[in-house]
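**Q** Got a structure for you, questions after.
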Amino acid sequence: MNELLELKNVSIEFESNSGFFRKKRNVKAVSNVNLEVKAGEILAVVGESGCGKTTIGKMITGIYKPTSGQVLFDGKDIWNLSKREYYEYRKSVQMVHQDSYAALNPARTIFQSLSAPLLHHKLAKNVEEARRKLEELFMLVGLTPSEQFLDKYPHQLSGGQRQRILLARAISVRPRLIVADEPVSMVDVSLRISLLDLMADMNKKFNIAFIYITHDLATARYIASNGRIAVMYLGKIVEVGNLEQILSRPRHPYLQALLSAVPIPNPRVARNAKPLPLKSPDMPDPANPPAGCRFNPRCPYAEERCTQKEPVLNELDGEMVACHMIERIPDWKWETAIGIQK
Ligand code: SF4
């Protein structure tokens, strides 16, 4: 498979004036990230809030321009495209946002909102054809009968219905890549699986690549079970590779900690569970990241070297991990984490 998208040493800084004295400071939200996505693949990008995963999504879709590094689509830097190439790229890369209400214009009907990109990209000759195409698309995403949805305003629909509409809007322009940013986190738990299935279906049927951004490992595992996962911590990727391989044998201590923090529904089992004992539960200030490995103030395995030198991603058993002590990190076992004695 060819690379559809590549991030090459991408970093981005924002100016922030938060804090008690409202002092201006630079926050490096993403730092030297390298990542690639192949045509038709599903990549889950996971990490805690504030780790930079949404910022990566916004750089891929051209909403943010990186401070340094390159975002390549079909091998071309998206910030150096000709007018025609840029138009194609904007059509080929779509984003589905977490907040479906904010993503739709409240003053326009669903038909008005969704027919605009079809007409703009000349995928429909006129309003009648746009309506016909949207009716077909709504069948595909399970919004039937379509007339019950097309003439409504966003506030007249449920969160799950609006999220399907956002997917329909993204698919309507025949994209090659969809960046889905926490697309199910604001949807009722009972509807999440059907939305994930819908995205997996779109991936198979139309060979659309997906970047699924989430803090929820369970949904990441569900949708990207045949794909890859990239784990982010404080603006950096710390582990990346085949999802099943990584989640069955997590190597980086941060991913081990994330997995051992997954709630266990059975209280008796939960009582015996042994979460990884982190030195601190708090994420450091992104404006002032720790020297060396960014995880060192929390990592139970940190040694002096970890406070001095930043680890880079190195190959290990077919995946990439950024940790100085990787050979000495004990294997993390599901049985221990969930309190099952062998
Ligand atoms: Fe922990 Fe050191 Fe590895 Fe960072 S480099 S994850 S601090 S052991």
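**Q** Select from region 255-283 the residues that are of a type in the set (Val, Ile, Thr) and assigned to a loop (DSSP other than H, G, I, E, B) and write down the one among them that is modelled with the highest pLDDT.
**A** Val262
**Q** Still on this structure, please answer the following. When you scan region 61-108, how many residues do you find that are of a type in the set (S, T, N, Q) and touching a helix residue (DSSP H, G or I) at 6+ places or on another chain (Cβ under 7 Å)?
**A** 3
**Q** Here are the criteria: (1) within 11 Å of the ligand (Cβ to nearest atom); (2) in contact with a helix residue (DSSP H, G or I) (Cβ under 6 Å, 6 or more places away or on another chain); (3) within 23 Å of His215 (Cβ to Cβ). Tell me which single one Val231 does not satisfy.
**A** (1)
**Q** When you scan region 128-137, do you find a residue that is in contact (Cβ under 8 Å) with a residue 24 or more places away in the chain, under 27 Å from Thr54 (Cα atoms), among the charged types (D, E, K, R) and touching a helix residue (DSSP H, G or I) at 6+ places or on another chain (Cβ under 9 Å), even just one?
**A** No, the conditions are met nowhere in region 128-137.
**Q** Identify the single condition in (1) more than 27 Å from the chain's Cα centre (by Cα); (2) more than 9 Å from the ligand (Cβ to nearest atom) that Arg251 does not satisfy, given that it satisfies every other one.
**A** (1)
**Q** Out of contact with any Cys (no Cβ under 9 Å at 6 or more places or on another chain), modelled with pLDDT of 90 or more and more than 11 Å from the ligand (Cβ to nearest atom), is that true of Asn288?
**A** Spelling it out, it is not the case that Asn288 is out of contact with any Cys (no Cβ under 9 Å at 6 or more places or on another chain), modelled with pLDDT of 90 or more and more than 11 Å from the ligand (Cβ to nearest atom).
**Q** So, in region 271-285, of the ones that are closer than 29 Å to Asn26 by Cα and of a type outside the set (Ser, Thr, Tyr), which residue ends up farthest from the ligand (Cβ to nearest atom)?
**A** Asp285
**Q** Tell me whether region 308-330 contains one or more residues that are more than 11 Å from the ligand (Cβ to nearest atom) and more than 29 Å from Ala209 (Cα to Cα).
**A** Yes: one or more hits.
**Q** A further question follows. Which count do you get for residues in region 292-306 that are more than 18 Å from Glu48 (Cβ to Cβ) and near the ligand (Cβ under 8 Å from one of its atoms)?
**A** 6
**Q** Could you list all residues from region 185-198 that are under 22 Å from Leu247 (Cα atoms) and either part of a loop (DSSP other than H, G, I, E, B) or in contact with a strand residue (DSSP E or B) (Cβ under 6 Å, 6 or more places away or on another chain) (or both)?
**A** Ser185
**Q** Next question, about the same structure. Taking Arg268, is it among the basic types (Lys, Arg), within 12 Å of the ligand (Cβ to nearest atom) and not assigned by TED's automatic domain parsing to the domain that holds Asn34?
**A** Considered against the rule, which asks whether it is among the basic types (Lys, Arg), within 12 Å of the ligand (Cβ to nearest atom) and not assigned by TED's automatic domain parsing to the domain that holds Asn34, Arg268 comes out as no.
**Q** Being in contact with an Asp or Glu (Cβ under 7 Å, 6 or more places away or on another chain) and surrounded by 14 or more Cβ atoms within 10 Å (Cβ to Cβ), is that true of even one residue in region 202-209?
**A** yes
**Q** For residues that are of a type in the set (D, E, K, R) and touching a Gly at 6+ places or on another chain (Cβ under 8 Å), scanning just region 136-182, find the one that is farthest from Asp74 (Cα to Cα).
**A** Only one residue fits best here, namely Arg164.
**Q** From the list Cys323, Cys306, pick out the single residue that is closer than 20 Å to Val33 by Cα, outside the structural domain of Ile56 (by TED's automatic domain parsing), crowded, with 21+ Cβ neighbours inside 10 Å and within 23 Å of the chain's Cα centre (by Cα).
**A** From the options Cys323, Cys306, the qualifying one is Cys323.
**Q** Here's a follow-up. With region 41-123 as the region, which helices (runs of 4 or more DSSP H) entirely inside it contain at least 3 residues that are of a type in the set (Val, Ile, Thr)?
**A** 53-60
**Q** For Ala44, are the conditions met, namely being surrounded by 17 or more Cβ atoms within 10 Å (Cβ to Cβ) and not β-branched (Val, Ile, Thr)?
**A** yes
The values are calculated or read from the model by the stated rules, or taken from the named source; none is laboratory data. All figures in this text were calculated on a predicted structure; none of them were measured in a lab. Don't worry about glycine lacking a Cβ; one is built from the backbone with ideal geometry, like all the others, and counts go over all protein chains shown.
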